[in-house]
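Chemist: Handing you this structure, nothing more for now.
The values are calculated or read from the model by the stated rules, or taken from the named source; none is laboratory data. Since the model is a prediction, treat every value here as computed from it, not as a measurement. When we count neighbours, we look across all protein chains shown, and the Cβ atoms used for this are built from the backbone with ideal geometry, even at glycine.
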């Protein structure tokens, strides 16, 4: 990334598409400038690779997209930095430049809001791509997983505020994911975001239930925020899982692999 433009420390959720590859990376910016940004990534990207980057302009409530090229690599073994890549933008769009200038004038308040909640989202690649715009707009500190094993690694690696399973209610995988979350991080809010197709909303869960809230796939960000901040201190008369007309099965409470 060019050193001619001042680099402003800023942490925004970002989605990255690598040119020529059907693969989406969800990460964060470490700093931004009018000419580029530095991305904290869990996977390395080679120098010279072109990227499509989308981050949320929290002032305008819009996703800003830009094209760039990787010009700097930081290895995960470098002391005090962590793995990441520097990106120089190709013809920075007006929206990007305006966003950087607004952020610089706001003394970082925008970035502070962006890391308020740490949320793990678990779902298929197709579902994830459809939900990216909504989650990036949230400004949360996001992590994505597509399989139970990846979700378990995330649960052990960072303290989370919430775990959201993006599965149909008839799909057993949401039960496996949230049972694992309840065991590893029992204080994290457990949600299922799914298509109710005009059906009746299932009963809300209590604090010890497998699921605390269900959010309709067709509802917007406000519904997710409401679910994440709702009072779950009072147990309902009927546990959430019993209110569903499906069989959850043995996978509801996976064994503790740390037990001897």
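Chemist: In the range 162-186, how many are modelled with pLDDT of 90 or more and assigned to a loop (DSSP other than H, G, I, E, B)?
Modeler: 2
Chemist: Mind listing just one residue for me: the one in the range 94-118 that is over 16 Å from residue 6 (Cα atoms) and surrounded by 14 or more Cβ atoms within 10 Å (Cβ to Cβ) and, of those, modelled with the highest pLDDT?
Modeler: Checking each candidate, the answer is 95.
Chemist: For the range 18-36: of the residues being part of a loop (DSSP other than H, G, I, E, B) and in contact (Cβ under 8 Å) with a residue 12 or more places away in the chain, which is surrounded by the most Cβ atoms within 10 Å (Cβ to Cβ)?
Modeler: It comes out as 33.
Chemist: When you check residue 151 against the structure, is it at pLDDT below 85 and either surrounded by fewer than 23 Cβ atoms within 10 Å (Cβ to Cβ) or under 16 Å from residue 190 (Cα atoms) (or both), yes or no?
Modeler: Judged against the criteria, residue 151 is not a match.
Chemist: With (1) in a strand (DSSP E or B); (2) more than 17 Å from residue 99 (Cα to Cα) as the list, and residue 15 as the residue in question, which single condition is left unmet?
Modeler: (2)
Chemist: All but one of (1) more than 30 Å from residue 180 (Cβ to Cβ); (2) at pLDDT below 90 hold for residue 87; state the number of the condition that does not hold.
Modeler: Every condition holds for residue 87 apart from (2).
Chemist: Assess whether residue 2 counts as being at negative phi, at pLDDT 80 or above and loosely packed, with under 15 Cβ neighbours inside 10 Å.
Modeler: Taking the combined requirement at face value, the residue does not satisfy it.
Residue-wise test of (1) modelled with pLDDT of 90 or more; (2) in contact with a helix residue (DSSP H, G or I) (Cβ under 9 Å, 6 or more places away or on another chain).
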{"position": "30", "(1), (2)": "no, no"}
{"position": "36", "(1), (2)": "yes, no"}
{"position": "40", "(1), (2)": "no, no"}
{"position": "50", "(1), (2)": "yes, no"}
{"position": "55", "(1), (2)": "no, yes"}
{"position": "67", "(1), (2)": "yes, no"}
{"position": "71", "(1), (2)": "yes, no"}
{"position": "76", "(1), (2)": "no, no"}
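Chemist: Got a sec? Which of 224, 228 is within 16 Å of residue 174 (Cβ to Cβ), at pLDDT 70 or above and surrounded by 14 or more Cβ atoms within 10 Å (Cβ to Cβ)?
Modeler: 224
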